[in-house]
Structures are given as structure tokens and as C-alpha cells.
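Report on the following structure.
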Amino acid sequence: MRRFTGSALAAVLVGLPLVSALPAAAQAPPASEWTLEALFRRNVGTRETQTTAFPPHKIVDNIWYVGTESLASFLVTTPQGHILINSSYEANVPVILSSVATLGFKVSDIKIVLGSHAHGDHMEGDAAVKLATNAQVMAMQEDVPALERMKPGGKPHPIDRILKDGDTVTLGGTTLTARLTPGHTRGNTTWTMKATENGRTLDVVIIGSVGVNPGFVLVNNKDNPTIADEYRRAFAVLRSLPCDVPLASHPAMYNMSEKFKRHGSSPNPYIDPAGYIRELDTVEKVFNDTIAAQQKAAVK
């Protein structure tokens, strides 16, 4: 398996992918067939898919998609204003805000900005969104050091409220709960909330990420000796969560493009509890395979 150097991985995370996206026919092999690099390519996509708006649309209840083809951003609307989850790259902020307006919502009504984890493709745009909306930016405490180093154009990263595992964020009668699911980053955050459709209450889970990127060191990691245990904690937390509507920081993680083809149909294609389990099975297998390979290499 080809490994990325630290600089090459950094290039990917700032929007310069070094590998091409998977062809459409290869989007969903069985969990047993995924490799680390294939899963990474599926999620991250290409520079074009990272920056091209996906048609903004309603997912369920008051949850809307406003992201790009391969980087997910969500708008949670309420009578007292709206919550944006994942500002993406700073360069994508105009794309996201345009999608918000296309749906008929006022950009100025965005009151809170949340994020999934401290990588540039998900939270670099926080400062730009705050500048455009004066929204309150909130982040998990374990990710604060990494976010403070994230200064696009030299702008300091705004953090108005530091969150801890289990904290809630409430606006206009809607409550989201922050669940710490570390590993991918120290403060990787999975958001949970309730939604209603046809009188049925649904559990929504917005996965931060539990993927292992090429170049991640899981064995004998001097910078984070507990990284493997953090990943295991994340998988345990995610498997404990009830989930009817799985969403995630990358739309491929919940097969958005295929579900969107059935958008508006009944039953709602985004209600997919089995898909949630399949994704966890796939990513956890890749994690375990990567651990095994690195352990084998470490004893040579």
C-alpha cells in the first residue's frame, strides 16, 4: 500500500487531492473489500467535487444539505435562527451561503456554527462565516489547539463556546448533543438530534469521522500514544447511538448521491438505519486492518 508523507497528506487536507475519485460503479463494494486508500478517495473526492455545490435539499424535518459534492455542510433551521454544521474550506463559504439562500433562508439568520472536526476541509471557514453572519462558533475542547492553529489568511479562529462531551446546543426548540468520538482528531465530534416525519420521531446521527487517512500512525505514535484506543472509544460510542437517519462529514459516508436520486419519494431514502451499521462495519474493518498491518511492520 502506498503511504503518504506528512506533507502529501497535508496537501490532500487543504484541497489538493493526490488521488482520483473512485468511479461510480465502485462506490459501494462490500465492507470486506474496502481498503484504506479506496475509502479515503471515496470520502475526500477530488478538488472539483470538494468545491462544486451539490443541489441544496431537504433531508428530513428541519435539516437541509448545503454542502458540496464531497464535503458535507448541514443547515438546521428553527424559528429563532439557524445552525450551520461544517463551514468547510474558507473558499467554499460563498458556495455554502449561496445554497442557504437558494433554499429560501436568510444567511443573516445563521446564529450558531458547529463543526465535526479540526481539519481544514470541515472547519477552516468558521471565521468567514462569523464575519458574514456574526454567528457564535462552538467547538469541542479537545480540538481547540488544532483550531487555534487554523488561520486562513492570518485570521484567528473564532471560538465563542468550548464544548465538552455530552454538551447540548439549543436554538428555537431544536437541541443537538455533542458526542466526543476521537481518533480522526482529538476532538472529533458526532452530533445527534431528533427529527420528526409523518408523526414519527427519528434519531439523527451526524458522524464526524472515524476514518483512518493514509499516513495516520496508529501504532507507536509518539505524538498521540493513545490514538488506537481513542478510535476504539469512538466506534463504541457510535455503535451505542440509536440511529434512523445517518449523516456524516462526507456525503459518501451515507451514500447521499444515490439517496438524492430518490429525493422526495416515500419512504424517505435518508431514513436508513441499516446503512449506518454498514458504514460502521466498513470503517472499523479498515481501522482493524490498518492496525494489524502497522503492528506487523513494527516487529520487523
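For residue 285, a cut-off of 25 angstrom between C-alpha atoms picks up these lysines, skipping any fewer than 8 places away in its own chain: 222, 259, 296, 300. Extension gain, residue 237 to residue 223: 0.36 nm times the residue separation minus the Cα-Cα distance gives 2.7 nm. Can you tell me how segment 84-231 classifies by the Cα gyration tensor, rounded, prolate or oblate, using a/c under 1.5 as the rounded cut? Oblate. About its Cα centre, segment 150-292 has a charge dipole of approximately 280 debye under the convention of +1 per Lys or Arg Cβ and -1 per Asp or Glu Cβ, with nothing else charged.
Work out the FRET efficiency for residue 98 and residue 35 from their Cβ-Cβ distance, taking R0 = 30 Å, and round it to the nearest 0.05. Step by step, r from the Cβ atoms, then E = 0.25. For segment 38-298, averaging the sequence separation of C-alpha pairs within contact (under 8 Å, six or more residues apart) and dividing by the residue count gives a relative contact order of 15 percent. In summary, the lysines within cross-link reach of residue 151, defined as a Cα separation below 16 angstrom excluding same-chain residues under 8 places away, comprise 130.
Using Cβ point charges alone (K and R +1, D and E -1), the dipole size of the chain about the Cα centre works out to roughly 280 debye.
Ranking 46, 132, 271 by how far each Cα lies toward the positive end of the dipole of segment 38-298 (charges on Cβ) leaves 46 at the top. If the segment from residue 161 to residue 293 were pulled out straight at 0.36 nm per residue, it would be longer than the present Cα-Cα gap by 43.6 nm. Counted residue by residue at 0.36 nm each, then reduced by the alpha carbon distance between them, the extension gain from residue 151 to residue 278 reaches 42.1 nm.
Here, each number is a calculation from the coordinates, and none is a lab measurement. If you're wondering where the values come from, they're calculated on a predicted model, not measured in any experiment. Backbone-built Cβ (ideal geometry, glycine too); neighbour counts: all protein chains shown.
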